[in-house]
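For reference, the structure discussed in these notes is given below.
The values are calculated or read from the model by the stated rules, or taken from the named source; none is laboratory data. Just so you know, these numbers come straight off a predicted model, no measurement behind them. Methodologically, a virtual Cβ is constructed for each residue, glycine included, from the backbone with ideal geometry; neighbour enumeration extends over all protein chains shown.
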Amino acid sequence: MKGIIDSTLREGEQTVGVSFSPELKLEMIRRLCRIGVEEIEVGTATRYDTTPALLIRKCREERLPARLALWCRCNEKDIAAAAEAGPDVLSLSIPVSDLHLEKKLGKSRAWVLAKVEESLGYARKLGLPFVSLGFEDATRADPDYVGIVVREAARCGVDRIRLADTVGVASPAGIAGLVRRIQEISAVEIGVHMHNDFGMATANSIAAIDSGADWADATILGLGERAGNARLEELAAFLSLQRNHHYQVGLIPDLSRLVAEAVGTGIEPHRPVIGGDIFACETGLHLQGLQREPVTYEPFPPEAVRAERLLLFGAKVGRREIGDCLGADHGGMSEGDYDSIVTRIREMAGSSGYPLRLEKFSAVVRSMAAGCIPG
């Protein structure tokens with residue numbers, strides 16, 4: 001694996017109602033670089049939008065380390081606009097499914113092959129240093145035809161093929177098979193761009209990487225068309241905490257909150273990696289395990305994402321939690337004493353509408369226990 005391509009500034013802005021200011025875009029790029037994201041799409045190349053060129057210039061002035069990419073249609077005027085902006089990577093895109101070719105464009109398979117040769121040749125003529133070719137709707141295309149387009153692109157000197165699961169219908173096994181099929185055809189780099197319409201984008205990205213893909217696209221908060229894309233926070237955290245990659249996962253929650261505020265949405269408490277309650281626990285057996293050895297019920301320590309463990313006691317509390325709290329100081333207590341404390345804890349949680357934190361729970365238990373144990 002070579003890395004993650006962040007597409008928030010391009011695909012993310014395709015989310016309904018989302019538009020980032022140039023200043024916010026630059027700040028997002030800075031933070032993505034601190035996290036360690038290797039490549040960042042700064043926008044779409046057109047003759048009418050000067051923001052991508054501005055961002056590229058600012059990033060160069062600040063010597064930011066990530067490679068900067070521009071997404072572009074297979075259109076000579078757009079390719080020329082991209083070349084003027086001077087990205088490190090030109091990300092061309094062309095449909096490869098019969099559905100898109102016939103229903104959207106009214107074009108043939110032969111047209112695609114000709115356009116690939118024309119566009120890649122023109123990009124090279126203009127001196128663009130690295131050219132990626134995205135296969136739109138690749139997961140609904142004829143696999144044999146996808147192979148034909150791969151061979152033509154490789155012949156024309158493409159540096160990377162990017163497989164787009166345009167409407168999020170891929171499965172982990174399906175995308176893994178497609179990646180392996182392309183590897184058998186060509187040695188070009190392979191990237192994947194997974195949509196999340198069935199909630200599979202992150203899993204599909206990992207499956208593709210495990211099968212040999214070099215790159216996976218992601219967006220902050222999973223922003224993007226319809227149900228969005230693979231979520232940067234999930235992908236980077238998994239690769240870092242489960243695969244020993246280099247991403248600075250502890251910086252991701254702050255970036256996520258910055259973007260959430262900008263787009264006017266909250267972060268769900270149980271959202272993986274960045275949710276405020278992902279290290280909160282109220283279940284008896286789990287509480288016991290966490291207090292004795294946190295790894296029993298946590299996939300990674302809260303410190304990894306600059307969070308805190310929160311042990312809570314309320315409607316699910318039982319005698320075991322009371323005994324664990326008191327330790328050796330519970331001699332002389334009857335079953336009725338335990339039940340009284342359990343009832344009181346549950347009443348307090350019920351009246352406040354939220355379980356008791358560990359400190360409050362311990363204070364109540366010890367206070368009531370002191371009145372139960374003969375002096």
Practice task
Write out, first by first residue and then by second, each pair whose Cβ atoms fall under 6 Å of each other, whose residues are 6+ apart or on separate chains, and whose first residue, in the stretch 20-40, is more than 17 Å from Arg231 (Cβ to Cβ) while the second is in a helix (DSSP H, G or I) and not hydrophobic (A, V, I, L, M, F, W, C).
Solution key: Pro22/Thr51; Leu26/Lys58
Problem - Extreme residue, farthest from Glu23 (Cα to Cα), among residues of the stretch 82-105 that are crowded, with 17+ Cβ neighbours inside 10 Å and in contact with a Pro (Cβ under 9 Å, 6 or more places away or on another chain) - result: Leu101
Completion exercise
Restricted to the stretch 1-33 and to residues being surrounded by fewer than 22 Cβ atoms within 10 Å (Cβ to Cβ) and among the acidic types (Asp, Glu), the residue farthest from Ser211 (Cα to Cα) is Glu23
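Condition check ((1) touching a helix residue (DSSP H, G or I) at 6+ places or on another chain (Cβ under 7 Å); (2) farther than 17 Å from Ala230 by Cα; (3) touching a residue at least 60 places away in the same chain (Cβ under 8 Å)) across all residues:
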| position | (1), (2), (3) |
| --- | --- |
| Pro172 | yes, no, no |
| Ile175 | yes, no, no |
| Arg180 | no, yes, no |
| Glu184 | no, yes, no |
| Ala187 | no, yes, no |
| Gly199 | no, no, no |
Practice task
Would you mind finding the one in Gly174, Gly212, Gly222 that is on the phi > 0 side of the Ramachandran plot and surrounded by fewer than 22 Cβ atoms within 10 Å (Cβ to Cβ)?
Solution key: Gly212
Problem - Hits in the stretch 298-328 (condition: over 26 Å from Thr343 (Cβ atoms) and either hydrophobic (A, V, I, L, M, F, W, C) or touching a strand residue (DSSP E or B) at 6+ places or on another chain (Cβ under 7 Å) (or both)) - result: Phe300, Ala304, Val305, Ala307
Handout entry: Failed criterion for Ser108 (all others in (1) of a type in the set (Gly, Ala, Ser); (2) surrounded by fewer than 16 Cβ atoms within 10 Å (Cβ to Cβ); (3) touching a residue at least 60 places away in the same chain (Cβ under 8 Å) hold)
Key = (3)
Exercise for the section: Evaluate the following for Val192: is it hydrophobic (A, V, I, L, M, F, W, C) and either under 30 Å from Arg257 (Cβ atoms) or within 21 Å of the chain's Cα centre (by Cα) (or both)? Expected result: yes
Exercise for the section: With respect to Ala123, determine if the residue is crowded, with 22+ Cβ neighbours inside 10 Å, in the same structural domain as Leu68 (by TED's automatic domain parsing) and touching a residue at least 24 places away in the same chain (Cβ under 8 Å). Expected result: yes
Handout entry: For Ser256: the one exception among (1) in the same structural domain as Ile220 (by TED's automatic domain parsing); (2) within 24 Å of Ala203 (Cα to Cα); (3) surrounded by fewer than 16 Cβ atoms within 10 Å (Cβ to Cβ); (4) not basic (Lys, Arg)
Key = (3)
Exercise for the section: State all residues of the stretch 200-254 that are over 18 Å from Ile175 (Cα atoms), small (Gly, Ala, Ser) and outside any helix (DSSP H, G or I); if no residue qualifies, say none. Expected result: Gly224, Ala227
Practice task
Could you list, in sequence order, all residues of the stretch 336-362 that are of a type in the set (A, V, I, L, M, F, W, C) and touching a strand residue (DSSP E or B) at 6+ places or on another chain (Cβ under 9 Å)?
Solution key: Ile345, Met348, Ala349, Leu356, Leu358, Phe361
Exercise for the section: Would you please list the contacts, defined by Cβ atoms under 6 Å and residues six or more apart or on different chains, that run from a residue in the stretch 268-280 that is not assigned by TED's automatic domain parsing to the domain that holds Ala304 to a residue that is hydroxyl-bearing (Ser, Thr, Tyr) and surrounded by 13 or more Cβ atoms within 10 Å (Cβ to Cβ)? Expected result: Ile274/Ser256
Exercise for the section: Taking the options Arg309, Arg292, name whichever one is over 30 Å from Phe20 (Cα atoms) and without any contact (Cβ under 8 Å) to a residue 24 or more places away in the chain. Expected result: Arg292
Problem - Hey, Asp165 touching a Pro at 6+ places or on another chain (Cβ under 6 Å) and acidic (Asp, Glu) or not - result: no
Fill in the blank from the handout: Reported set for the stretch 34-71 where residues are part of a helix (DSSP H, G or I), of a type outside the set (Lys, Arg) and surrounded by fewer than 18 Cβ atoms within 10 Å (Cβ to Cβ) is Thr51, Leu54, Glu61
Practice task
State yes or no: is Glu118 surrounded by fewer than 16 Cβ atoms within 10 Å (Cβ to Cβ), in contact with a Cys (Cβ under 9 Å, 6 or more places away or on another chain) and either farther than 18 Å from Thr44 by Cβ or not polar (S, T, N, Q) (or both)?
Solution key: yes
Completion exercise
Exception for Arg257 within (1) closer than 21 Å to Glu11 by Cα; (2) touching a helix residue (DSSP H, G or I) at 6+ places or on another chain (Cβ under 8 Å) falls at (2)
